[in-house]
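What follows is a single structure, written as structure tokens, with notes after it.
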Amino acid sequence: MSSSLITDLLEFLSESTSPFHAVAAIRKRLEQAGFTELASIDEVPLAAGHGYFTVRNDSSIIAVRAGSGAVAEGIRLVGAHTDSPNLSVKPNGLIERDGLTQLAVDVYGGALLNPWFDRDLSLAGRVNFLTREGALSSCLLDFKRPVAIIPSLAIHLDREANSKRSVNAQTDILPVLCHSTPEASRTDLHALLEAEISRQYPELDLERVLDYEMSLYDSQEPGRVGLYEDFIASARLDNLLSCFAGMTAIIEAPREHWSVLVCNDHEEVGSASAVGAQGPMLRDVLEGLTTNGAASRALRDASWLLSVDNAHAVHPNFADRHDQGHGPRLNEGPVIKINRNQRYATSGEGAALIRLVAERAGVPLQSFVMRSDLGCGSTIGPITATETGIKTIDIGVPTLAMHSIRELAGVKDIAYLVGLIGGFYGRVG
Ligand code: ZN
């Protein structure tokens, strides 16, 4: 397994502290690989073999590798999502209590809240501001240092903490930002953001901050863990690991075939948004690639979408949460996700195709089915399939601690996933 692939992934995760930063990180790597950014994919005639991409809301991105044949002969698409559960700062962001200044936060997506306590937290996102010329503008901002912390309540003040403690999202998880000095209490969050922007971008034409989408993240760097470094521990593995694998594979995808990578925001909150998988972004790109209705129907029928999102590996302490015959293990290959109730989009035909791709690419595969007595999660696969009518296969890398502030994946599975997507783009199956 290539250690440079793992180093690249760790660097990508470290840069991608919000969906905006994830898209910036993908944009940078696509540009370095010679891809051209377009406002819309039908802006210019696409040159065979060349790569293009388009971005919306700074948080969703679609890349296209133009093939040499007719697009109606079919495209191989890979989908993933750029967002992860987190704590998001509310509009009136500062609260003063008991000598401390705190941040007012909301929970974004299905975050596992307990692991957010006692971590050194930083802030990242996008800030919208007014320029001195009176125009609206925006910039990405990442404090890149621990600026907040949510201290646990000591066990002495809650003797039942280990058996009964639950987390109230409104009252229990407000991070502490600083000691409330008279000086600190005169400021507001806009002024703090303005000061940080001026520090990071001294040349920026900033009059004042108007609004922001800032969220907290764990400042501990992603890293390899385990006695033999068998694992990767990081925030946002769901689903930046899949974005990274898709990006790596499309950069290396064969020039003769049509390949697409779709990385949407807002999956963790249901995908119904202007730039989510249920929005029109992918449809607009596909329409831009075809010239008429017949071509677009031919494209739909001849294409396959691989929807890549992490899967639950068996947790050895909680093995009974899995169906005994369908418990994926770390480091033993990507997982085909199957749910006959269409919580996952994989059909028998799709599973057969990806099994063949895996076999020919030399990648082991595992199968996941949720326990019949537990509700099944979902992902962008069924939503994109519904929106586009393209046959879809749901797969993903097995992970532990999904939606925690620090998730765990197997090192070998990264290369397996890149190999599998590479084989899918390369039509080995
Ligand atoms: Zn996910």
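Couple of notes before you dig in:
- Complete set of residues in the range 178-209 that are of a type in the set (D, E) and more than 30 Å from the chain's Cα centre (by Cα): E183, D188, E203, D205, E207
- For the range 216-255, a residue qualifies if it is among the small types (G, A, S), open to solvent by 10 Å² or more (accessible area, probe 1.4 Å) and within 16 Å of the ligand (Cβ to nearest atom), and exactly one does: A235.
- Any hit, the range 188-197, residues being surrounded by 14 or more Cβ atoms within 10 Å (Cβ to Cβ) and in contact with a helix residue (DSSP H, G or I) (Cβ under 7 Å, 6 or more places away or on another chain): no
- Within the range 1-42, considering residues that are modelled with pLDDT under 95 and part of a loop (DSSP other than H, G, I, E, B), the one most open to solvent (accessible area, probe 1.4 Å): M1
- Among residues of the range 78-89 that are near the ligand (Cβ under 9 Å from one of its atoms) and modelled with pLDDT under 95, none has a beta-carbon under 7 Å from a residue that is in a strand (DSSP E or B) and charged (D, E, K, R) at least six positions away or on a different chain.
- Qualifying positions in the range 55-77 - closer than 18 Å to L13 by Cα, more than 16 Å from the ligand (Cβ to nearest atom) and not charged (D, E, K, R): I61
- Any hit, the range 284-306, residues being part of a loop (DSSP other than H, G, I, E, B), in contact (Cβ under 8 Å) with a residue 60 or more places away in the chain, touching a Ser or Thr at 6+ places or on another chain (Cβ under 7 Å) and surrounded by 17 or more Cβ atoms within 10 Å (Cβ to Cβ): yes
- Taking the range 43-91 as the range and being among the charged types (D, E, K, R) and assigned to a loop (DSSP other than H, G, I, E, B) as the test, the residues that pass are E43, D58, D83.
- The single condition from (1) assigned by TED's automatic domain parsing to the domain that holds S271; (2) within 16 Å of the ligand (Cβ to nearest atom); (3) open to solvent by 50 Å² or more (accessible area, probe 1.4 Å) that L112 fails is (1).
- Hits in the range 353-410 (condition: farther than 16 Å from D323 by Cα, polar (S, T, N, Q) and more than 16 Å from the ligand (Cβ to nearest atom)): T386, T388
- With respect to the stated conditions, R165 is open to solvent by 70 Å² or more (accessible area, probe 1.4 Å) and under 20 Å from W116 (Cβ atoms).
- Residue ranges of strands (runs of 3 or more DSSP E) in the range 316-423 with at least 1 members more than 18 Å from the chain's Cα centre (by Cα) and at pLDDT 90 or above: 335-337, 366-368, 391-396
- Residues in the range 91-113 include none that are within 30 Å of A294 (Cα to Cα), in contact with a helix residue (DSSP H, G or I) (Cβ under 7 Å, 6 or more places away or on another chain) and of a type in the set (V, I, T).
- Unmet requirement for A272, which otherwise passes all of (1) among the aliphatic types (A, V, I, L, M); (2) surrounded by fewer than 23 Cβ atoms within 10 Å (Cβ to Cβ); (3) away from the ligand (no atom under 16 Å from the Cβ): (3)
- Subset of the range 364-373 [among the aliphatic types (A, V, I, L, M) and either touching a Pro at 6+ places or on another chain (Cβ under 7 Å) or not assigned by TED's automatic domain parsing to the domain that holds T392 (or both)]: L365
- So L189, is it at pLDDT 95 or above and within 19 Å of K90 (Cα to Cα): no
- Among the strands (runs of 3 or more DSSP E) confined to the range 92-177, the ones with at least 1 residues that are more than 28 Å from the chain's Cα centre (by Cα) are located at 100-108, 121-130.
The values are calculated or read from the model by the stated rules, or taken from the named source; none is laboratory data. Just so we're clear, the structure is a prediction, and the values are computed from it rather than from any experiment. Cβ coordinates were reconstructed from backbone atoms using ideal geometry, including for glycine residues, and neighbour counts include every protein chain displayed. Keep in mind that these areas ignore ligands, DNA and RNA; they rest on the heavy atoms of the full protein, side chains included. Shrake-Rupley method; radii C 1.70, N 1.55, O 1.52, S 1.80 Å.
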